[in-house]
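Each value in this text was obtained by applying a stated rule to the coordinates, not by laboratory testing. As the structure is a prediction and not an experimental result, all values here were calculated from the model. Note that we place each Cβ from the backbone using ideal geometry, even for glycine, and neighbour counts take in every protein chain shown.
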Amino acid sequence: MTMLKEDKLAAATHMNAVQLKVGDMKMMSNYYQKALGLEVLTETAEGTVLGRGTQELVNLHNAPGLQLPSRSEAGLFHTALLFDTQADLAATVLSAAQFDQSTFVGSSDHLVSEAFYFTDPEGNGIELYFDRPREGWTWKNGEVAMDTIYLDPNAYLSAHLSEQAIASQRSTAADIGHVHLQVGDTATARAFYVNTLGFDETTALGDQALFVSAGGYHHHMAMNVWNSRGAGPRKDTLGLGEVLINVPTQEEIGKLSERLSFAKVNHHHTGAELRFNDPWNNQLHVAVG
């Protein structure tokens, strides 16, 4: 089905801070500060927001009564922090590995990006990555070429780490580049995220994984079934609380509200923002930003 331009998310759409429900606030806040070099931006009884500069990246919501989700449930696969330079990425890879080397779970050259993967103390996946220049990405028939090629972490640090990057780590920029979810099946994910929300499909790995974006990015969101094939709606557990998507104008929010209504997706539209759940009860929040 060919979608009209007005049924697509705006090219300027991007991801923003991810909310995590956490059981041990002190432990989790300590990890994101010391391992990933984030600063506390706000702190209340309900939770702690961490980021770089004024950019919020992770919102830790205090939820001590909840249980950890099982590995096979729908929810968060990883939150991906994007860095401006390879040196900035290397500095945070180093601090994460030095904090606890056992949290490192792999590294890959994806052709469009260079990525390193970690797991926080409550099992939430984290990707730290750098985008290769867009002019070097290869597109064919609307799909971007991506791969998973081994990336030697020690060689990468040797090539890109600098004393200046280490010293300035906390003052350098970072953004939420994309959010990767675990879902029950990719066909339902495609129907929701592409046909209803208006993302573009940028590539797919059979029925195992789907990658979607706005504005020609390689992916703003992804969904896979590697651990969660057949998973139903999520229970209220620790882990993913809310995914924040920013669109450029109120008009875009209005258009998305109309598409959700047409698809009979329950949503709360305040006039300034939208909140709704995907088919697995992953909570999505869309606001101007």
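The table below lists the values:
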{"item": "Over 13 Å [Cα-Cα, region 153-218], rounded percent", "result": "74"}
{"item": "V288 versus R170: modelled label distance in nm, points set 7 Å from Cα along the beta carbon direction", "result": "3.4"}
{"item": "Gain on full stretching of the segment that runs from L157 to E258 - 0.36 nm per residue minus C-alpha separation", "result": "31.6 nm"}
{"item": "Kirkwood hydrodynamic radius over Cα pairs of region 154-280, then Stokes diffusion coefficient at 4 °C and 1.567 mPa s, in µm²/s", "result": "76"}
{"item": "DSSP-loop trypsin sites (Lys or Arg not before Pro) across region 17-96, with at most 16 other Cβ within 10 angstrom", "result": "R71"}
{"item": "Largest-first principal axis extents, alpha carbons of region 227-268, Å", "result": "36, 21, 18"}
{"item": "Linear extension gain, E273 paired with K26, 0.36 nm per residue minus alpha-carbon span", "result": "85.8 nm"}
{"item": "Förster-model FRET efficiency, 25 Å R0, E46 and T119, C-beta, rounded to 0.05", "result": "0.55"}
{"item": "Over the chain, relative contact order from alpha-carbon pairs under 8 Å, at least 6 apart, %", "result": "24"}
{"item": "Within the chain, helix-based [θ] at 222 nm, where runs of 4 or more DSSP H residues each add -39,500 (n - 2.57), nearest 500", "result": "-5500 deg cm²/dmol"}
{"item": "Residue (of T54, A17, P153) at the positive-pole extreme of region 5-156, dipole from beta-carbon charges", "result": "A17"}
{"item": "Pairs beyond 32 Å (Cα-Cα), from K26/K264; K140/K264; K235/K264; K21/K255", "result": "K26/K264; K140/K264"}
{"item": "Cubic angstrom per residue, convex hull over Cα atoms of the chain", "result": "132"}
{"item": "The chain, dipole about Cα centre (Lys/Arg Cβ +1, Asp/Glu Cβ -1), debye to the nearest 20", "result": "500"}
{"item": "Pair K34, E135: separation of 7 Å Cα→Cβ label points (nm)", "result": "4.4"}
{"item": "Dimensions in Å of region 1-157 - Rg and Dmax from alpha carbons", "result": "17.3, 50"}
